[in-house]
1. Where does the chain land at 222 nm, in deg cm²/dmol rounded to the nearest 500, when only DSSP H runs of n ≥ 4 count, each adding -39500 (n - 2.57), divided by all residues?
2. Which entry is the computed volume of the Cα convex hull per residue in Å³ for this structure: (i) 134; (ii) 109; (iii) 200?
3. Once both labels are modelled 7 Å past Cα along the beta-carbon direction, what's the residue 9-residue 173 spacing in nm?
4. Based on other C-beta atoms within 10 Å, arrange 109, 130, 44, 39 from fewest to most.
5. Counting other beta carbons within 10 Å of each Cβ, put 117, 55 in order, fewest first.
6. For 61, 112, 9, what ranking results if the residue with the fewest other Cβ atoms within 10 Å of its Cβ goes first?
C-alpha cells in the first residue's frame, strides 16, 4: 500500500521565480523555467541541503543551528494571491514582490495542504510540502516600493493564504504551464485524544 495517494487534484504552474540576493532585496525575478535540484534552486537565496535555524524553528533548535533545509521553495496559490491582493485594495499583486518561487493555480485550500504532500510534475520532478508559510512583515517594504501605503497591509491580508514551503524530493526541470498532480499522505488527521 503506498504511503501517499493521488488526490485527483491538479494544479498548473503560472509563475516561477528566483530570489538571488535576500540581503539586498526580498524581491524575486521571474523566469520561464528553473531546475529544482536536491539542494533547491541554483542562484536562489534559499539554496542548500541545510540551513541555519531561524525564528520559525526556535521552539525546536537554537537560532543558527544547522538543520535540513525544508524551505527551498516558497509556493503560492494563484487564487489565494488574488484574494490577498483584493483585501489589500489592489487589482493584482506581483508574486515577485513576495519573494515567491512558484505560483500554482487550481489547487483548493492550497495554504493548508497536508504536510508531506507531494506536488509532482508530468516529468517526475517532485516537491514535498513542509508547512504553511506564515505571513510576515518582510515583504512589506518591497510591496511598498511598488504600491504606496500597501506594504503594511500584506501581513494581515495574507494570513492563512501565504502558501507553503517545500523541498525537492525528485530533481528536474519546472516550467510555466507544467501541470502538477497532488499526492497526499494516506493517514487520518492527528488526534491526541485517541
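What follows is calculated from the coordinates using simple rules that are stated; it is not laboratory data. Since the structure is predicted, the reported quantities are computational estimates derived from the model, not experimental observations. Note that each Cβ is placed from the backbone with ideal geometry, even for glycine, and that neighbours are counted across all protein chains shown.
1. -3500 deg cm²/dmol
2. The listed entry that was calculated here is (i).
3. 2.9
4. 109, 39, 130, 44
5. Sorted ascending by nearby Cβ count, the order is 55, 117.
6. Lowest to highest Cβ neighbour count: 112, 61, 9.
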